[in-house]
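Let me begin by presenting the structure, written as structure tokens, before commenting on it.
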Amino acid sequence: MGGGIDKFIRDQLSVWPLAAENYRDLKKVETKRLTIGGLEVIVQHNPCRKISSEAALDPKSISERPCFLCPENRPEQQSHIEFEGRKGRKYRVTLNPYPIFPSHLVISSFEHTRQSIWHRYQDLLDFVSRHNEYLGFYNGPISGASAPDHMHFQACPQGLMPLQNRVDSLLAAGDGKELEFLTNVKEARLFHLNEYANGVFVLCGGTAKSVAKLFYRLLDCAPMPDESDEPKLNLLAWTHGGEYRSVVIFREKHRPHNYYSTGADHLAMSPGCADMGGVFVVPRREDYDKLDSKLLTSVVREITVDDEIEKGIIWRLTRTQRRLEVGIMSGQEIEFEIISDGAGRQKVEYSAGRISYNGVLYDELVFEAQTEATMFAEPSFVLYGVTIGVDFHWERKVTQKFAGTLKFIVDGDKVTAVNIVGIEDYLLSVISSEMKASAGLEFLKAHAVISRSWVMAQMEHRRKTALRQVQGPIPVAGPSPSAAKHAEAPDGSEVPSMVGEFSRTTGSVTKGDEYIKWFDHDDHTLFDVCADDHCQRYQGLTMAVGDTVRKAIDQTWGLVLTSEGEICDARFSKCCGGRMEVFSTCWEDKDYPYLQPLPDTPDWTEGGDVFCDTKDEKILSQVLNDYDLETKDFYRWTTEYSRTEVSDLVRKRSGIDFGTIRDLVPIERGPSGRLKRLKVVGDKRTMVIGKELIIRRWLSESHLKSSAFEIKWIGDRLVLDGAGWGHGVGLCQIGAAVMAAKGYTFDQILPHYYPGSVLERR
């Protein structure tokens with residue numbers, strides 16, 4: 001391989017006078033050594049590089065010049081050899097006619113496509129693996145690339161860049177002071193270089209795949225400039241002793257201020273990857289003469305990231321996720337697949353109070369995730385036949401992929417699959433499942449905060465409950481969760497729980513002809529939360545799509561809402577209908593200072609424009625997933641039944657024979673108008689029922705949009721004129737999306753729906 005490149009270079013120099021002259025002149029260039037942050041670098045006075053250093057890189061200039069990497073615009077003497085990367089991507093390897101190094105190659109894409117490292121990093125690793133005497137390097141489109149409109153790498157012989165030599169020396173010495181270990185992905189490791197300049201990171205590993213995974217995780221942790229889809233960076237890559245190695249240098253600027261200065265401090269320097277690798281090229285003699293270590297250090301410090309950005313990158317790389325347990329599904333048998341073991345589709349079964357797997361009985365069965373993520377994890381297992389949308393009109397079974405650990409437990413007479421996953425990985429799915437991943441960034445950030453707050457509040461509640469149980473029993477008003485799973489109606493008949501797959505009744509009051517019941521999230525005793533709407537929609541990585549969701553979670557990592565030192569129980573619904581509701585209308589008889597019945601208007605005053613009163617299809621399509629879009633007219637809506645239809649519906653949904661329904665009488669409403677208690681009058685029996693979800697479930701085949709409705713009879717037809725979609729407590733998703741579209745930031749949206757709350761990182 002190397003011999004082929006060497007011959008190619010000799011052949012080119014024999015037929016191309018311009019290149020031959022510039023390579024001869026390279027032997028005569030003057031050099032000197034300076035020191036930057038402890039690293040000895042080379043300064044090269046190279047007049048032939050003037051054309052690259054002074055290249056105009058504004059969009060207009062680039063669009064008007066012929067691309068010098070496209071074959072039709074190359075000198076006739078310039079030929080190429082081909083190199084093929086991953087997935088059939090082809091490159092032309094050419095000789096750089098304006099060299100910095102004795103063998104200086106350009107590896108350009110066959111396609112005239114913009115400079116971008118996304119999906120192409122492994123191509124560079126493949127090149128240096130096949131030509132292992134070479135070091136490959138990459139200039140980002142606004143970090144030194146002289147042809148940002150045409151994808152290309154460069155290469156030179158190993159050992160010519162001081163930064164590569166220093167990294168090899170530190171890795172050999174195992175120096176943990178100057179080369180600080182940060183994290184790893186499987187066999188790939190990531191280090192921070194604590195000398196030379198800010199924002200310098202080192203990767204090494206045994207396989208291109210593992211190093212690439214770590215490389216892209218690193219890029220995810222760096223700031224993204226507005227004008228680009230990748231961080232500002234320079235990249236070196238080479239192999240050493242069968243190991244892939246890379247250096248990534250994150251930058252703040254494309255060029256230092258000296259480049260643009262017309263005064264005495266002017267320098268015709270445009271540092272690219274070779275420069276940042278320790279070979280600084282200066283085309284003008286006067287610049288070469290005045291450069292010293294102090295001046296060159298100031299140039300490097302100006303164009304690389306500052307201390308705060310560097311700390312932010314390291315924090316993102318090394319931060320941890322608190323883990324939670326999510327109940328996904330249960331049944332007599334569950335089919336699954338562990339992605340990494342290659343065993344394919346497998347099955348566990350319930351057997352006499354234990355779990356049967358491959359002919360062996362277990363009390364508990366755990367498949368640990370191979371890699372813990374500090375950014376976002378990759379899928380580790382698959383579950384088949386997961387029910388989503390329990391009790392809703394769009395209920396269906398799907399196959400889902402999940403990150404994290406898979407645990408099987410026994411729950412009653414069934415096996416239950418539990419996903420142990422980092423909270424931030426959990427949120428990646430929740431945010432994409434509760435709404436469209438294409439929603440506005442500020443809205444997604446607001447939802448990331450409240451979804452994180454809610455789940456951490458539930459985890460803390462479960463922890464405290466478990467602690468109280470260990471310390472001794474406490475008085476409980478009403479029946480226990482297990483005792484209340486099926487309450488009795490006044491005539492002794494059983495009242496069905498009317499709950500989803502995992503929910504158990506946590507509140508139930510039956511007195512005479514009154515039946516009050518609510519469903520909350522501490523129903524779950526064997527795990528923290530479930531995966532369906534009873535808690536928060538969590539559909540694994542199946543729904544986790546979109547860079548905007550990742551950005552929203554990353555930018556709010558660990559942020560929660562607190563009130564009086566406690567994490568807020570941050571409830572949310574699709575549409576409040578114009579006014580928010582209080583907690584006690586829907587759940588137990590207590591309220592929180594941050595869940596107030598305020599109008600959904602800019603200054604909480606009556607009569608203003610209501611945020612959630614919108615029919616903007618663009619906003620609604622961002623907020624509502626496909627099956628949610630099946631629901632229409634949610635700000636104001638009307639539902640009608642005949643007397644026979646409502647009588648049959650109540651009988652079916654409640655399990656109680658009321659006979660013919662004669663009337664529905666509101667007994668108690670919350671501040672938003674949502675019914676808290678409703679009298680159901682039939683010719684066989686009369687009952688007062690509540691709370692809000694029971695009312696919605698008894699009066700619909702799935703869930704009535706809300707309990708904020710007025711009742712009127714037109715002959716034998718029941719007409720319900722309603723407002724809103726959901727319980728209306730806390731954040732109104734559609735209202736928040738409208739606020740974001742109007743320019744409100746997430747930290748302005750949150751206090752609107754949770755007044756008095758405080759943002760904290762936990």
Just to be sure I understand the filter: pairs with C-beta atoms under 8 Å, separated by 6 or more residues or on different chains, first member in region 216-234 and closer than 16 Å to R316 by Cβ, second member among the charged types (D, E, K, R) and part of a strand (DSSP E or B). Which pairs pass?
L233/R251
Conditions (1) in contact (Cβ under 8 Å) with a residue 60 or more places away in the chain; (2) in contact with a Gly (Cβ under 7 Å, 6 or more places away or on another chain); number of the one not met by P148
(2)
Unmet criterion (only one of (1) surrounded by fewer than 17 Cβ atoms within 10 Å (Cβ to Cβ); (2) in a loop (DSSP other than H, G, I, E, B); (3) more than 31 Å from the chain's Cα centre (by Cα)) for A147:
(1)
Sort out which residues of region 21-57 are modelled with pLDDT under 95, surrounded by 12 or more Cβ atoms within 10 Å (Cβ to Cβ) and of a type in the set (A, V, I, L, M), and write them in order of number.
L26, V29, I51, A55, L57
Filtering region 326-352 down to residues that are without any contact (Cβ under 8 Å) to a residue 60 or more places away in the chain and closer than 15 Å to E364 by Cα, which residue is surrounded by the fewest Cβ atoms within 10 Å (Cβ to Cβ)?
A352
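Under the condition of being in a loop (DSSP other than H, G, I, E, B) and aliphatic (A, V, I, L, M), which residue from region 557-589 is surrounded by the fewest Cβ atoms within 10 Å (Cβ to Cβ)? Please lay out each step first, then the result.
Of region 557-589, the ones in a loop (DSSP other than H, G, I, E, B) are 557-558, 564-565, 568-571, 574, 576-578, 580, 582, 586-589.
Now drop any that are not aliphatic (A, V, I, L, M), which leaves 570, 580, 582.
On the way: A570: 28, M580: 30, V582: 20.
Top of the filtered list is V582.
Would you pick out the residues in region 385-409 that are part of a strand (DSSP E or B) and either at pLDDT below 85 or crowded, with 16+ Cβ neighbours inside 10 Å (or both)? Walk me through it before giving the result.
Taking region 385-409 and keeping what is part of a strand (DSSP E or B), we get 385-388, 396-402, 405-409.
Selection gives V386, T387, I388, R396, Q400, K401, F402, T405, L406, K407, F408, I409.
For every residue, the table says whether it meets (1) more than 19 Å from the chain's Cα centre (by Cα); (2) farther than 18 Å from V305 by Cα.
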site: Y216; (1), (2): no, yes
site: C221; (1), (2): no, no
site: D229; (1), (2): no, no
site: L235; (1), (2): yes, no
site: T239; (1), (2): yes, yes
site: R245; (1), (2): yes, yes
site: K253; (1), (2): yes, no
Mind checking which pairs have a first residue in region 610-632 that is closer than 16 Å to G726 by Cβ and a second that is modelled with pLDDT under 85, Cβ under 6 Å, 6 or more apart or different chains?
V623/M435; Y627/W394
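Out of L235, L291, I need the residue that is in contact with a strand residue (DSSP E or B) (Cβ under 8 Å, 6 or more places away or on another chain) and either of a type in the set (S, T, Y) or within 17 Å of G136 (Cβ to Cβ) (or both). Which one? Working first, answer last.
Numbers: L291 fails: either of a type in the set (S, T, Y) or within 17 Å of G136 (Cβ to Cβ) (or both).
So the residue among L235, L291 that is in contact with a strand residue (DSSP E or B) (Cβ under 8 Å, 6 or more places away or on another chain) and either of a type in the set (S, T, Y) or within 17 Å of G136 (Cβ to Cβ) (or both) is L235.
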Does H119 fit the bill of being farther than 17 Å from G277 by Cα and either buried (at least 22 other Cβ atoms within 10 Å of the Cβ) or at pLDDT 95 or above (or both)?
no
Checked against (1) in a loop (DSSP other than H, G, I, E, B); (2) surrounded by fewer than 21 Cβ atoms within 10 Å (Cβ to Cβ); (3) at pLDDT 80 or above, C535 satisfies every condition except (2)
Among strands (runs of 3 or more DSSP E) entirely inside region 673-762, those with 1 or more residues being aromatic (F, W, Y) and over 20 Å from R579 (Cα atoms) are 709-714
Would you check if there is a residue in region 90-108 being of a type in the set (D, E, K, R) and crowded, with 19+ Cβ neighbours inside 10 Å?
yes
Condition broken by T239, with the remaining ones in (1) in a loop (DSSP other than H, G, I, E, B); (2) in contact (Cβ under 8 Å) with a residue 40 or more places away in the chain; (3) surrounded by fewer than 23 Cβ atoms within 10 Å (Cβ to Cβ); (4) touching a helix residue (DSSP H, G or I) at 6+ places or on another chain (Cβ under 8 Å) satisfied:
(1)
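The values are calculated or read from the model by the stated rules, or taken from the named source; none is laboratory data. Treat the numbers as computed from the prediction; the structure is a model and nothing was measured. For neighbour counting, all protein chains shown are included, and Cβ atoms are generated from backbone atoms with ideal geometry for every residue, glycine included.
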